[in-house]
Amino acid sequence: MNEEDTMADDQQLWGYPEVAAHLGISVRAARSRKSRGSLPEPDDTSVPDRPRWRPATFQGWQPVGRGFRSDLHGTAQPGGTASG
């Protein structure tokens, strides 16, 4: 049972191509966002230069930074998201 669970979890991990497709950006842009700290922390970093994320990591996560228009994506927060 544990081996199957581990295998199922492993199959659910996304690499850059899956993350890019989910976000509607290129793989290059996904790598760039990761290097700038604009993606959530990876769930698996066991393979160097190949971070992987669980799909659930992106549930409720909001992209931040230049170019993201939350008002166009239906994710605007009441009262704005400015801090400080």
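The values are calculated or read from the model by the stated rules, or taken from the named source; none is laboratory data. Please read these numbers as outputs of a predicted model, since none were measured by experiment. The area values use the complete protein model at the heavy-atom level, side chains included, leaving out ligands, DNA and RNA. Shrake-Rupley method; radii C 1.70, N 1.55, O 1.52, S 1.80 Å.
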Do we have any residue at all in region 56-73 that's modelled with pLDDT under 90, open to solvent by 50 Å² or more (accessible area, probe 1.4 Å) and among the aliphatic types (A, V, I, L, M)? yes
Only one of (1) open to solvent by 80 Å² or more (accessible area, probe 1.4 Å); (2) in a helix (DSSP H, G or I); (3) modelled with pLDDT of 90 or more is not met by LYS34, so which one is it? (1)
